[in-house]
Amino acid sequence: MINRTGKYTTLFTDGPSILGAGAVAGPKEAQGPLGKGFDKIIYDAKAGADTWEQAESAFQREALITALSKTKLKAEDLDYIFSGDLLNQCISSSNALKEFSIPYLGQYGACSTMAQSLIMAAFVLQSGTAKNCACVTSSHFCSAERQYRFPLEYGGQRTPSAQWTVTGSGCAILGEGKKNSVRITGATVGRILDLGVKDANNMGAAMAPAAAQTILDFFKDTGKNLDDFDRIFTGDLGLVGSKLLYELTLKEGYDLRHKHDDCGMLIFDRDRQDVHAGGSGCGCAASVLCSHILNQMTTGKLRHILFIATGALMSPTSCQQGLSIPCVAHLVELTFL
């Protein structure tokens with residue numbers, strides 16, 4: 001059953017379960033602190049393909065296949081698949097999934113896409129119009145750099161506030177609520193927020209206000225507080241954005257510093273790997289959720305968390321025109337029941 005509470009939040013009574021998940025990562029991600037937790041490492045960043053974009057499709061395809069194998073389901077058992085990536089017209093997703101012939105709903109929320117997909121799938125499942133759905137997103141350092149900044153051959157210098165787009169993909173299969181599983185128990189759909197940041201190399205500063213806004217909306221709508229949760233995970237605010245998030249939420253009486261982790265900070269070792277302010281990309285939050293976070297929940301280390309993926313809703317055209325960057329953050333409440 002779906003129940004609206006407050007202005008922005010939906011609670012799911014007997015909410016859908018994550019039946020299985022798959023996380024696929026590239027060579028740089030394999031060298032990070034979470035490397036051993038990924039289901040599959042593709043050490044060739046091109047995945048044997050001719051282009052970086054085709055390689056990204058291969059990562060997403062492998063994540064879906066891995067998740068399906070864990071659930072014992074087949075592609076034909078899925079009623080819908082919600083998928084997205086960072087590239088124009090979500091070409092990595094469409095090329096990755098075309099061979100499966102699953103009813104497809106493309107998603108674009110930039111780096112917030114995994115949370116958006118989980119929310120959309122939860123709505124559909126709770127409505128009774130589907131039995132099983134898949135949520136999958138991906139990103140690739142080389143394809144993202146070519147689209148949003150400069151081709152790698154250019155050799156451009158990266159600013160200290162820049163984040164490293166994760167080469168990876170995560171897929172979660174959702175189905176009917178089951179006991180002893182991770183379930184979606186709530187969701188807050190974010191509002192677009194634009195505070196005038198124009199620097200495409202400082203995504204953390206652009207996205208942090210949206211993350212703070214959505215977290216505060218959830219607490220206000222539900223009456224819950226920090227003590228109700230084991231951890232709060234944001235998508236990929238990185239170093240700069242995480243610090244700003246603490247400042248913004250502390251002003252409203254919420255000290256996140258001892259409850260918060262950021263996927264962009266978890267996936268790489270900033271002291272050992274040259275990633276500057278941390279990781280980013282659709283594949284960042286997705287691959288961390290579908291490996292590290294869900295593994296901690298299924299083993300009992302975490303039982304109740306908030307997962308907030310953040311997205312900068314820009315395009316190459318808007319950046320070239322000097323427009324500021326609108327951002328959004330979507331929140332998913334996950335509970336092991």
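Pull up all non-local amide H partners of Leu302: gap of 5 or more, or a different chain, and H-to-H distance under 5 Å with H placed in the peptide plane.
Those qualifying (amide H under 5 Å, at least 5 residues apart or on another chain) are Met297.
Please find, in a Gaussian network model of the chain (springs between Cα atoms separated by less than 10 Å), the residue of Met297, Met207, Met265 whose mean-square fluctuation is greatest.
Met297
Taking only the alpha carbons of the stretch 182-336, what extent do you get along each of the three principal axes, in Å, biggest first?
Answer, in whole Å and largest first: 47, 37, 24 Å.
If the elastic network links every pair of Cα atoms under 10 Å, which of Ser318, Ser287, Ser83 fluctuates the most in the Gaussian network model of the chain?
Between Ser318, Ser287, Ser83, it is Ser318 that shows the largest mean-square fluctuation.
Pull up all non-local amide H partners of Leu313: gap of 5 or more, or a different chain, and H-to-H distance under 5 Å with H placed in the peptide plane.
Cys327, Val328
For Trp52, Trp164, which order do you get if you count the other beta carbons within 10 Å of each Cβ and list the fewest first?
The fewest-first ordering by Cβ neighbours comes to Trp52, Trp164.
Subtracting the Cα-Cα distance from 0.36 nm times the residue separation, let me have the gained length for Lys46 to Glu76 in nm, one decimal.
Full-extension gain reported as 8.0 nm.
Taking the alpha-carbon centroid of each part, what is the distance from the stretch 199-217 to the stretch 228-288 in angstrom?
Computed from Cα coordinates, the inter-centre distance equals 11 Å.
Please compute the volume of the convex hull spanned by the alpha-carbon atoms of the chain and report it per residue in Å³.
Dividing the Cα hull volume of the chain by its residue count gives 121 Å³.
Using the beta-carbon distance between Arg158 and Ile65 and R0 = 25 Å, what value does 1/(1 + (r/R0)^6) give for FRET efficiency, to the nearest 0.05?
0.15
Hey, can you list the DSSP H helices of the chain whose Cα span along the axis is 24 Å or longer and whose average Kyte-Doolittle score is at least -0.5?
Sorted by number, the helices that extend far enough and score high enough are 52-71, 203-222.
For His260, list long-range residues whose amide hydrogen, built 1.01 Å from N in the peptide plane, is under 5 Å from its own amide hydrogen.
Under 5 Å from the amide H of His260: Ile232.
Taking the Cα-to-Cβ direction at Asp199 and at Ser127 and moving 7 Å from each Cα, how far apart do the two end points lie in nm?
For the pair Asp199/Ser127, the computed spacing is 4.2 nm.
The numbers here are math on the coordinates, done by the rules we state, and not lab data. These numbers were taken from a predicted model, which means no experiment stands behind them. In this analysis, Cβ positions are derived from the backbone assuming ideal geometry, glycine residues included, and neighbour counts consider all displayed protein chains.
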